[in-house]
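Since every read-out is calculated from the coordinates, none of them should be taken as a lab result. Keep in mind that what you see is a predicted model, and the values were worked out from it rather than measured. As a convention, Cβ positions derive from the backbone with ideal geometry for all residues, glycine included, and neighbour counts pool all protein chains shown.
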Amino acid sequence: MRVIEKIDEMKQLRQQLTEAVGFVPTMGYFHDGHLALVKRARAENRWVIVSIFVNPTQFGPQEDFNAYPRDPQRDLALLEKEKANIVFMPLADEMYPAGFNSWVEVKKVTERLEGASRPGHLTGVTTVVAKLFNIVQPTRAYFGQKDAQQVIVVKKMVADLNMNLEIVTVPTVREPDGLAMSSRNTYLNPQQRQAATVLYKSLNLAQQLWSQGEKDAQKIRQEMTQLIQKQPLATIDYVSIADADTLDELDTVRPPALVSLAVRIGSTRLIDNIVLQ
Ligand code: AMP
């Protein structure tokens, strides 16, 4: 496994790879969710490239960029085990040198959900992902369903800008009690960790109501909201039932509908989602 920090070196090495390249962009601090993406890339491509880059432009000024957990040595050991071929770990100064002034912005689908709650976040994501795609030139890139809006936005960018790769979505990996794996779960103390199960419980409630024939989206949002409000450590940012393509909020549930939510447990903001089929 090669570890590369310099953009030019990554580009040069890429030129030598003739067969399929699977690419997994990450911010590191791996859990089994990240590793599911790497395993899928490993199964489908001759070469697997993983990037580890805590991207400053996708964090708001009041967000946790500095506190974001990092453990590159552990990450590299895990990638070695998964038989990744190349790890690309650029420095922020090289990705964003002085005078950097170009942004990739997807409109419309970025106006809601995470885009509404975290101004600039998704533009930071599309900009870094476009840069990484240009450097790595993958055949396929792997993203987690955990960040559902991110996948929708990246797919739209790839289609609109005629980028020459396939985007593969990998199902959300969960803890045994249903909590979606996330690097940010490490911020939770034991009491908060227990409270955080309310996200998945509320998604299950939505699934159950839908399976029983409930089609009134507002009714389902209300039931979810009431369940979360019973948890004293939880503060709702949003509870959404939206068209899975446009992210327009629905009055009547039409499958596939994306049920997604953002909830603060203490000061830790967690997101999760399911798709009603
Ligand atoms: P991050 O390091 O948080 O930027 O995540 C890197 C990639 O891993 C993104 O495509 C995420 O959607 C994906 N990911 C994060 N958590 C999970 C999870 N629990 N299950 C599946 N994919 C995940």
The size of the Cβ-based charge dipole (Lys, Arg +1; Asp, Glu -1) of the chain about the Cα centre, to the nearest 20 debye, is 380 debye
With θ set to phi - 60° and the Karplus curve 6.51 cos²θ - 1.76 cosθ + 1.60, what are the ³J(HN,Hα) couplings of the range 254-268 in order, to the nearest whole Hz, using x for Gly and Pro?
10, x, x, 10, 8, 9, 9, 8, 10, 9, 8, 10, x, 9, 8
From the square roots a ≥ b ≥ c of the eigenvalues of the alpha-carbon gyration tensor of the range 100-160, which class results: rounded (a/c under 1.5), prolate (a/b over b/c), or oblate?
oblate
Could you please rank SER117, SER182, SER267, placing first whichever residue has the fewest other Cβ atoms within 10 Å of its Cβ?
SER267, SER117, SER182
Report the paramagnetic label zone for GLU19: residues of the range 45-69 whose backbone N is under 19 Å from a point 7 Å from Cα along the Cα-to-Cβ axis.
45-50
Which residue, PHE30, PHE100, PHE53, has the most motion in a Gaussian network model of the chain that connects Cα atoms within less than 10 Å?
PHE100
Let me spell out the model: positive unit charges on the Cβ of Lys and Arg, negative unit charges on the Cβ of Asp and Glu, origin at the Cα centre of the range 31-117. What dipole size does that give, in debye rounded to 20?
440 debye
Choose one answer from MET89, MET163, MET224: the residue with the largest mean-square fluctuation in a GNM of the chain with alpha-carbon springs under 10 Å.
MET163
Would you work out the charge dipole size for the range 187-277 about its Cα centre, treating the Cβ of every Lys and Arg as +1 and the Cβ of every Asp and Glu as -1, and quote it to the nearest 20 debye?
460 debye
Over the range 149-267, what is the mean sequence separation of C-alpha contacts under 8 Å (at least six apart), divided by residue count, expressed as relative contact order in percent?
20 percent
Which percent, nearest 5, of DSSP beta bridges in the chain are antiparallel?
50 percent
What is the Cα centroid distance between the range 1-23 and the range 24-89, reported in whole angstrom?
16 Å
Neighbour counts of other C-beta atoms within 10 Å: give me TYR29, TYR142 arranged from fewest to most.
TYR29, TYR142
Between GLU111, GLU82, GLU94, find the one with the highest GNM mean-square fluctuation for the chain; connect C-alpha pairs within less than 10 Å.
GLU94
